[in-house]
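Working notes, beginning with the structure itself.
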Amino acid sequence: MTKTEQVDRRAAIGAMAMLGSGLAFAGVATAGQPEADDSLISIGYDKATGEYVLPPLPYDYDALEPHLDAQTMRIHHDKHHAGYVRGLNAALAALAEARASGDASLIQHWTKKVSFHGSGHVNHTLFWLGMAPPSRGGGGEPSGKLADAIVRDFGGFDKFSWQFQAAAKSVEGSGWGWLVHEPISGRLTVLQVENQQKLLMTGCVPLLGIDVWEHAYYLKYQNRRSDYVAAFMHVINWGHVERLYERATG
Ligand code: MN3
């Protein structure tokens, strides 16, 4: 890797941290192997090679059945998420070349690609970690500080659940529903993100996201996005979301 590429990577990491929240994609001991306590977010980057990497699914492809089917999980993780990782690494290399060439339109093109693929990588990494099979703690309701904050900011878990699902169901086109921590006010809020990153509020820390691109549900649910969103609620890994919240609020 050239020095320029290294600088670009650092810049991109910084940009993703702002965009995505202060998530540091660092601290990977071995590609694909989560470190003990930091399995939350640090598994998408390999410091040794300086490349972003596809983190392994933290459970089997069929572990979220019947809510999320194995075929969808396999294609979504192995093909779609892998495509974002590949796209991000490629876009950063192309961006370095564009900068060296001084071609402003190419720089603009590849900068947008870094934002899109980089956000796709962050989103999917958090998406997998935000779910767990019911036999391993998926579903139910949060506890602790996060539960208190949900009562404070939404009026109760049921009201949060309704708002989160309503937001996810009504994203226009492809996108995400996110529960985020807004650090200026210290409040929780729900955002609708289009594509991978549009309509995100800068600085917000993503805690829980549901992918509502059709590739996330169409094989099993076809046009019934509402049913998919309702099913997702049964596999939320609230323990993971609570850890992200505690980290964000220190
Ligand atoms: Mn997806």
Limited to region 122-140, what total is found for residues that are closer than 15 Å to residue 65 by Cβ and within 16 Å of the ligand (Cβ to nearest atom)? 1
So which pairs qualify, if the first residue must be in region 85-99 and at pLDDT below 95, the second must be open to solvent by 10 Å² or more (accessible area, probe 1.4 Å), the Cβ gap must be under 6 Å, and the two must be at least 6 apart or on different chains? none
Condition first: in a loop (DSSP other than H, G, I, E, B), in contact with a Lys or Arg (Cβ under 7 Å, 6 or more places away or on another chain) and either at pLDDT below 95 or open to solvent by 50 Å² or more (accessible area, probe 1.4 Å) (or both). Can you find one or more residues in region 65-78 that meet it? no
In region 101-117, anything part of a helix (DSSP H, G or I) and not small (Gly, Ala, Ser) is listed as 106, 107, 108, 109, 110, 111, 112, 113, 114, 116, 117
It is to be established whether one or more residues within region 240-250 are modelled with pLDDT of 95 or more, of a type in the set (Phe, Trp, Tyr) and closer than 15 Å to residue 181 by Cα. yes
Matching option when the condition is without any contact (Cβ under 8 Å) to a residue 12 or more places away in the chain, more than 19 Å from the chain's Cα centre (by Cα) and over 26 Å from residue 194 (Cα atoms), among 137, 144, 155: 155
For region 130-176, what are the residues that are hydroxyl-bearing (Ser, Thr, Tyr), in contact with a helix residue (DSSP H, G or I) (Cβ under 8 Å, 6 or more places away or on another chain) and open to solvent by 20 Å² or more (accessible area, probe 1.4 Å)? 143, 174
Within region 79-88, the residues that are under 18 Å from residue 129 (Cβ atoms), near the ligand (Cβ under 10 Å from one of its atoms) and open to solvent by less than 60 Å² (accessible area, probe 1.4 Å) are 81, 84
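The values are calculated or read from the model by the stated rules, or taken from the named source; none is laboratory data. These numbers were taken from a predicted model, which means no experiment stands behind them. Cβ atoms come from the backbone with ideal geometry, glycine included; neighbour counts cover every protein chain shown. For accessibility, only protein heavy atoms count, side chains too; no ligands or nucleic acids. Shrake-Rupley method; radii C 1.70, N 1.55, O 1.52, S 1.80 Å.
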